[in-house]
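Read through the structure below, which is laid out as structure tokens, and then see the notes.
What follows draws every value from the coordinates through simple rules; no lab data is involved. What you are looking at is a predicted structure, and each value in this text was computed from that prediction instead of being measured. Neighbour counts are summed over all protein chains in view; Cβ atoms, including those assigned to glycine, are modelled from backbone coordinates with ideal geometry.
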Amino acid sequence: MKKNYTIMDEADPKVMITTKKNYSIMGQFKKELPMHVMLIPAVILTLIYAYGPMFGIVMAFQDFQPYLGFLKSPWVGWENFEYIFNLPDFGQVFYNTLFIASSKVVLGLFVPLILALLLNEVRKVLFSRVIQTSVFLPYFLSWAVLGGVIFELFSLNGPVNALLELFGIDPIMFMGSNGWFRAIIIGSDVWKGMGYNMIIFLAAIVGINPSLYEAAEVDGASRFKQMWHITLPGMLPIIILLATLSIGGILNAGFDQILILYNPTVYEGADVIDTFVYRLGLFDQQYAPAAAVGLFKSVISLGLVGLSYYLAYKFTDYRIF
């Protein structure tokens, strides 16, 4: 098959020449064959470990009995979904998930943005690098490590309560109070991840044309006005992209973090969908209702991911797909 190509004449740039070039699908495939072969192991692993377990979705529509398995357990249709929607705790769990996750998304973008703008104004390179490293360090630590640190900080005999006692305030059981526990969950997640987003925002600032700042300085613009009228508009595509992509994970409130930190006294304010499924399936051994809750979350998350990619494609110059 041949395809037409329009090129520019080197002798006269105003003259456009139309040429024909042989285009073979098989030739293109043979050229890319080594790259396709390299993908085969990853595709096989994905099929086994990502798509294979999806067969377990049938549990959500069965009265699943482990000794009968997927194939012989009786089919009950939508009864598991009716059961979980009528549970007295499900509404509170769903609210907790939305509240904690949305708070993490908003603060997880706003706090790093402020830090990036402030660091961009620092002219001491060494000081700026020290701050970047210090803020970025918690991102590399697991919640198993940070969970122990948080327990020690907010225990009854910890440094936070010791500081409060200096001001005459009675010790507070932070890890046993629903209100305080939510704040600790959200704040610690923002603290752990803000270094990563801050680096992304700083990279976006570096990509802004320096001549814009020079022109604004000649016109007498202050540093604040330069930040407001040049830096923020220049960062807007990245801000929109990160914000829209965060929509897809709005129901992921942080399973590993909450599982490590919470306890029965804060179930009312901290129990989210993932931890609810964990307790329902593992401790209560209600496997089918747990699968129904997980499927409910997955369907909503799938729609939100599709919406986030559509918004990212529509409102930014980045082409996700």
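Annotation: peptides 59-70, 288-299, 37-48, ranked by per-residue average of other Cβ atoms within 10 Å with the highest first, follow the order 288-299, 59-70, 37-48. Think of the chain as having a plus end and a minus end, set by charges on the Cβ of Lys, Arg, Asp and Glu; of Leu119, Pro66, Trp191, Leu119 sits farthest toward the positive end of this dipole. Projected label points at Ser102 and Phe70, each 7 Å from Cα along the beta carbon direction, are separated by 3.6 nanometres. Per-residue extension of 0.36 nm, minus the Cα-Cα distance of Phe110 and Ala183, leaves a gain of 24.7 nm for this segment.
All other residues whose Cβ lies under 15 angstrom from that of Asn157 are scored, Lys and Arg at +1 and Asp and Glu at -1, for a net of -3.
Quick one: length gained pulling Lys31 to Tyr310 fully straight, 0.36 nm per residue minus the C-alpha distance? Before the final figure, lay out each step's value.
Working: separation 279, 0.36 × 279 = 100.44 nm, distance 3.24 nm.
Between Lys31 and Tyr310, full extension yields an extra 97.2 nm.
Give me the net charge of Ala288's neighbourhood, meaning all other residues with Cβ under 11 Å from the Cβ of Ala288; Lys, Arg count +1, Asp, Glu -1.
Details: positive: none; negative: Asp63, Glu79.
Around Ala288, the surrounding residues sum to -2.
In order along the range 275-286, the phi-based Karplus estimate (6.51 cos²θ - 1.76 cosθ + 1.60, θ = phi - 60°) of 3J(HN,Hα) comes to 6, 5, 5, 4, 6, 5, x, 7, 8, 8, 6, 9 Hz; Gly and Pro are listed as x.
Once every DSSP H run of n ≥ 4 in the chain is given -39500 (n - 2.57) and the sum is divided by its residues, what mean residue ellipticity at 222 nm do you get, rounded to the nearest 500 deg cm²/dmol?
Numbers: 15 runs with 200 residues, N = 321.
Taken over the chain, the calculation gives -20000 deg cm²/dmol.
Ordering 151-159, 188-196, 263-271 by mean Cβ neighbour count within 10 Å, with the highest value first, yields 188-196, 263-271, 151-159. With R₀ set to 25 Å, the beta-carbon distance separating Met54 from Phe140 gives a calculated FRET efficiency near 0.20. Calculated FRET efficiency, Phe151 to Ile300, Cβ-Cβ distance, R0 = 25 Å: about 0.20 to the nearest 0.05. Here the ratio of the Cα radius of gyration of the chain to 2.2 N^0.38 Å is 1.36. On full extension, the segment bounded by Trp78 and Tyr213 gains 42.5 nm, given 0.36 nm per residue less the C-alpha separation.
Close amide H partners of Gln62, meaning residues 5 or more places away or on another chain with modelled amide H under 5 Å apart, are Val76.
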